[in-house]
Amino acid sequence: MDKIKALKMLKLTAIPIIIMIFCMIGFWDISPEYKANKEKMTITYEEKPVAKVESTEDATWQTKVKEVASLNSTSSKKFDTIEAYAKKYPATKTEIKEFEDYMKAEYKNKKYLADVQNNEYMLENIFKAYVVNRYYGEEETPINDFVFGFYQNVNYTFKGLESINSHAIKYNERQMNKALASIEH
């Protein structure tokens, strides 16, 4: 009989404690203070400079790519810097079309990975691919699929994470070929 009473008492005390814990978790997740702090953390992270690059109001993206390419830092830092610039770059529709045509031509001519040691060339490819991919967002279109594969391959080979003949690069190229076939038909 004492065991039954003990179990009932345990249930009576455990259930309110569990409910209280869930309420506290729910409160923390939706409280204004939590959201404000979360937004501050996100903004702080995104605004954090990756590498110092001199900027001027009338600088073109080509100038920016040259500046980043000439930095005395790792490929990863250069990549992060050019990507941070590309995130904020206000591309026009004309530029988007030019970038798309450029990437298709470079890929078809087998040039896009021919010189992975050329920082300026690779950073230009990364910049263009990022800008176009950002323009289309999550939209699943053949051109966006092509550009995403292009971006991944240039990114991975530039950083030295993959060789130009790796399985991952070849897989992306097969996907890019399918996307190009869809675009051209």
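The values are calculated or read from the model by the stated rules, or taken from the named source; none is laboratory data. Keep in mind it's a predicted model, so treat the numbers as computed, not measured. Using ideal geometry, Cβ is built from the backbone for each residue, glycine included, and neighbour counts are taken over all protein chains shown. Heavy atoms of the whole protein, side chains included, go into the accessibility calculation; ligands, DNA and RNA do not. Shrake-Rupley method; radii C 1.70, N 1.55, O 1.52, S 1.80 Å.
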Search result, residues across the stretch 96-122 that are hydrophobic (A, V, I, L, M, F, W, C) and within 21 Å of the chain's Cα centre (by Cα): ILE96, PHE99, MET103, LEU113, VAL116, MET122
Search result, residues across the stretch 55-90 that are within 20 Å of ASP145 (Cβ to Cβ) and open to solvent by 30 Å² or more (accessible area, probe 1.4 Å): GLU83
Considering residues of the stretch 162-176 that are assigned to a loop (DSSP other than H, G, I, E, B) and without any contact (Cβ under 8 Å) to a residue 40 or more places away in the chain only, the residue most open to solvent (accessible area, probe 1.4 Å): ASN165
Test: residue in the stretch 82-103 that is within 17 Å of ALA69 (Cβ to Cβ), at pLDDT 95 or above and of a type in the set (Lys, Arg): no
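Yes or no, residue by residue, for (1) among the basic types (Lys, Arg); (2) touching a Lys or Arg at 6+ places or on another chain (Cβ under 8 Å); (3) at pLDDT 95 or above:
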position: TYR130; (1), (2), (3): no, yes, yes
position: GLU140; (1), (2), (3): no, no, no
position: PHE150; (1), (2), (3): no, no, yes
position: TYR156; (1), (2), (3): no, no, yes
position: HIS167; (1), (2), (3): no, no, yes
Top-ranked residue of the stretch 136-156 - restricted to ones that are of a type in the set (Ser, Thr, Tyr) and within 16 Å of the chain's Cα centre (by Cα), ranked as most open to solvent (accessible area, probe 1.4 Å): TYR156
Residue list for the stretch 97-110, filter: surrounded by fewer than 18 Cβ atoms within 10 Å (Cβ to Cβ) and either of a type outside the set (Gly, Ala, Ser) or in contact (Cβ under 8 Å) with a residue 12 or more places away in the chain (or both): LYS97, GLU98, ASP101, TYR102, LYS108, ASN109, LYS110
Subset tally (residues that are within 15 Å of GLN117 (Cα to Cα) and among the hydrophobic types (A, V, I, L, M, F, W, C)) for the stretch 146-185: 4
